[in-house]
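Worksheet: the structure to be examined is printed underneath.
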Amino acid sequence: MVRLTGTGILGLALLIGVTLSGILWGCPSYNVYSKEQAGRAALAEAQSSRQIAVLEARAKLESAKMLADAEVVRAEGAARANRILQDSLGGPDGYLRYLQIQAIDNKDASLIYVPTEGGLPLLESSRLAPRAPGEAN
C-alpha cells in the first residue's frame, strides 16, 4: 500500500484544484464553442437550402420557356399548314366546308343533319316517328 506524506497530499490537492478550476473554466468556453459551431452549421445548411431552391426555380423557369417556345413552333406549323390547305381549297369558306366534311366522315352516326344555305338544318322528323304496321311513307 502507498502512504501519502504531507507533500503528496498537498500535491494531490493541488492537482485536484487545478483540474477542477480547468473544468469550471473550460465548460463555459466549450459551450460557447459548441454553440458557435452549431450556428455555423445551421447557417451553412440554410445557405445550401437557399442555393438549391434558387437552382430549382431557375430550372423550372428554363423549362417553362422551352415549353412555351415549343408551343409557339407547333402553333406556327399548324397555322402554316392551315393556310396552305385553305389556299388550296379556295379560301376560308372552302376550308370550313372541308372541315365540315371531315367531321361528318369521322362520325359513326346513321343520321347527319347538314345545314342549308340559310344556316338551318333540314329536319326529317317524319322519318324517325314511330309508324303503325302497314302504314305507307
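The values are calculated or read from the model by the stated rules, or taken from the named source; none is laboratory data. Everything numeric here is computed off the predicted structure, so don't read it as measured data. Quick reminder, even Gly has a Cβ in these numbers, built from the backbone with ideal geometry, and neighbours come from all protein chains shown. Surface accessibility is based on the protein's heavy atoms, side chains included, excluding ligands, DNA and RNA. Shrake-Rupley method; radii C 1.70, N 1.55, O 1.52, S 1.80 Å.
What to note about this one:
- Matching residues, segment 63-111, being open to solvent by 60 Å² or more (accessible area, probe 1.4 Å) and not in a helix (DSSP H, G or I): L89, G90, K107, D108, S110
- The single condition among (1) within 33 Å of the chain's Cα centre (by Cα); (2) open to solvent by 70 Å² or more (accessible area, probe 1.4 Å); (3) not aliphatic (A, V, I, L, M) that S49 does not satisfy is (2).
- Residue count for segment 93-112 satisfying the condition of being within 16 Å of R83 (Cβ to Cβ) and either among the polar types (S, T, N, Q) or at pLDDT below 80 (or both): 0.
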